[in-house]
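Reading through the structure tokens given below for one structure.
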Amino acid sequence: MSLIKYSCNYSLFKHVLQNNTIQKNSTRFLQTSSVCLKNQAGRYRITPKGDFPLTYEMANPPHRIAHRKAWNSWNTSNLDGGVRSAETAVEDMFIRKFVTGTWHNLFASEVIIKRQHNIIRIAGIITRGLSPRKMYFLIGYTEELLGFWLQCPVKMELQTIADRKDIVFKYI
Amino acid sequence: MLKIFRIIERNTIEKTCLCVRYSSTDSSAEKRDEFRVLNIRKPKGRYQERKQPRTLNILPPRSESMPVDQDWGNVWPGPRSFHPATVPLPVRQGYVEKSGAPPSKYANAELVKIPNFLHLTPPVIERQCNALKQFCTPWPKALDTDEKLEKHFPLQITSSDYCFSSPSIRNPLARIVTLRFKLGSLGLNQRAKDKFLRLVGDRYDEESDSVTIVTDRCPLKKQNYDYALYLLTALYHESYNVEEWENLKTEADMEYYDWLKNKSKATIEKLFGKPHGEIENADVYADSVDKLMNEGENTYTLDKYGEAVRKLLNLPTKIEIK
């Protein structure tokens, strides 16, 4: 009797089960596991102690955008017939990187970028880790440099909170 | 094992004690000009107390000290992101799964995201309109009806400007210019009108008697506008222009039936012995024959034709058979 290798073909499998003589030599089957396609971006796991702080933005996963939370970028580029969509996306990413780096460890919320005509408004909530003088300097610094690079007026509109706990929406 | 651990512990304690002793004898060693002992952990004398973070003197929210009868337009003069300390409204935003109040306005990023119109309150809009009034001119009194408007301003030109968020104000769609006018306002004669309609094709709308010309082939709005006016001029003059080959058109080339140019007219005139303008009911007959030939034979046109023939020849009207 020749040695036969079998794949996990169901009909062959059935055939093998019926003929016991061949079954002795059928040694191999492929094993497959269930497919694991899971959306994980923007979702947070529950911790054992339940003490992981979430802001409102973090508490709502991406599919809740436009239902429970709003976008972080507001512009007309991605509307029907909008222009400069690619440039706007790249510029927004650049602004986010620059702002988080300049205001290091101060932003408690996400950087919100709103565009109206040629004005770019950068909004957000920061902690009071700086003296007001330094904060005013950083506001001017950010507005001036971004305005020079992007060639349009930039405005920083910030709110401050005393403690990072103020912005916590829930603990998981 | 326990014993060993204890021994190790004792050793470490003794060592640390030694260290302390060394450091305590440090100052006396300096005096004797000997080598100083480097103590990395705790340099003596230079120890500074840790700076306590300064507590900022934060003022209470501005909205708490606002008078009730203040002018809101001065507090919020232009478009701006929401700020909880300035807006004296107890607004809340956010979705809470379990029963409870939505997040308050303080430290609420959702309120910052959405566009607000706090700078456009009704009194502010009224104030701005009053300021703009001095630049407005009254509507001309002579142009009180739509008919007069159409008569004096027959050309209607439409183009669009676009507002969008971008550092540039250029939009490629702004170049398109639409020119619209009534065909009757050109005052063409019948032949020229026929040629004009052939030239414009489906740009003519029969219901409203209007011609629409859309130009978008040039990159700028001004160029497209000029091109549209050029097209109008060219169409007008071309429709009056008669080419030599146009006179070669015979009866067989006609697109529609014209009673005045046909055999039927000649027959009627021969029958009555006078020109068709003098024959009674000849215009009704001509009209019915035109319709019969142009619209095709159906009950309506055939009935009209029968009636017209009876009228023309003074025959009695059709007898209804019961």
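The values are calculated or read from the model by the stated rules, or taken from the named source; none is laboratory data. This is a predicted model, so every value here is computed, not measured. Cβ atoms come from the backbone with ideal geometry, glycine included; neighbour counts cover every protein chain shown.
Among residues of segment A:25-52 that are over 21 Å from residue A:164 (Cβ atoms), those with a beta-carbon under 8 Å from a residue that is among the aromatic types (Phe, Trp, Tyr) at least six positions away or on a different chain give the pairs A:26/A:6; A:28/A:6; A:29/A:6; A:29/A:13.
One residue is enough: does segment B:176-189 have a residue meeting the conditions within 14 Å of chain A (Cβ to nearest Cβ) and out of contact with any helix residue (DSSP H, G or I) (no Cβ under 6 Å at 6 or more places or on another chain)? Yes, that holds for at least one residue. Considering A:140, A:147, A:101, the condition of being surrounded by 13 or more Cβ atoms within 10 Å (Cβ to Cβ) and either more than 8 Å from chain B (Cβ to nearest Cβ) or touching a Phe, Trp or Tyr at 6+ places or on another chain (Cβ under 6 Å) (or both) is satisfied by A:147 alone.
For segment A:104-134, the candidate set comprises residues that are without any contact (Cβ under 8 Å) to a residue 12 or more places away in the chain and closer than 19 Å to residue B:83 by Cα; within that set, the residue that is surrounded by the most Cβ atoms within 10 Å (Cβ to Cβ) is A:116.
Within segment B:274-303, which residues are among the small types (Gly, Ala, Ser) and within 19 Å of residue B:315 (Cβ to Cβ)? The answer is B:282, B:286, B:288.
In the condition set (1) under 26 Å from residue B:57 (Cβ atoms); (2) hydrophobic (A, V, I, L, M, F, W, C); (3) within 11 Å of chain B (Cβ to nearest Cβ), residue A:122 is compliant with all but (1). Does at least one position in segment B:89-110 carry a residue that is surrounded by 10 or more Cβ atoms within 10 Å (Cβ to Cβ), within 12 Å of chain A (Cβ to nearest Cβ) and at positive phi? Yes.
Looking only at residues of segment B:163-175 that are touching a Lys or Arg at 6+ places or on another chain (Cβ under 9 Å) and outside any helix (DSSP H, G or I), we find that the one that is farthest from the other protein chains (Cβ to nearest Cβ) is B:168. Beta carbons closer than 7 Å, at least 6 apart along the sequence or on distinct chains, pair a first residue in segment B:294-316 that is assigned by TED's automatic domain parsing to the domain that holds residue B:277 with a second that is charged (D, E, K, R) and surrounded by fewer than 14 Cβ atoms within 10 Å (Cβ to Cβ) for B:301/B:295; B:306/B:318. Within segment B:56-88, the residues that satisfy the criterion of being without any contact (Cβ under 8 Å) to a residue 12 or more places away in the chain and within 10 Å of another protein chain (Cβ to nearest Cβ) are B:56, B:57, B:58, B:83.
Of all residues in segment A:129-163, those satisfying the criterion of being within 22 Å of residue A:90 (Cβ to Cβ) and among the charged types (D, E, K, R) are A:143, A:144, A:155. The set of residues from segment B:138-159 being exposed (fewer than 11 other Cβ atoms within 10 Å of the Cβ) and either touching a residue at least 40 places away in the same chain (Cβ under 8 Å) or touching a His at 6+ places or on another chain (Cβ under 9 Å) (or both) comprises just one member, B:142.
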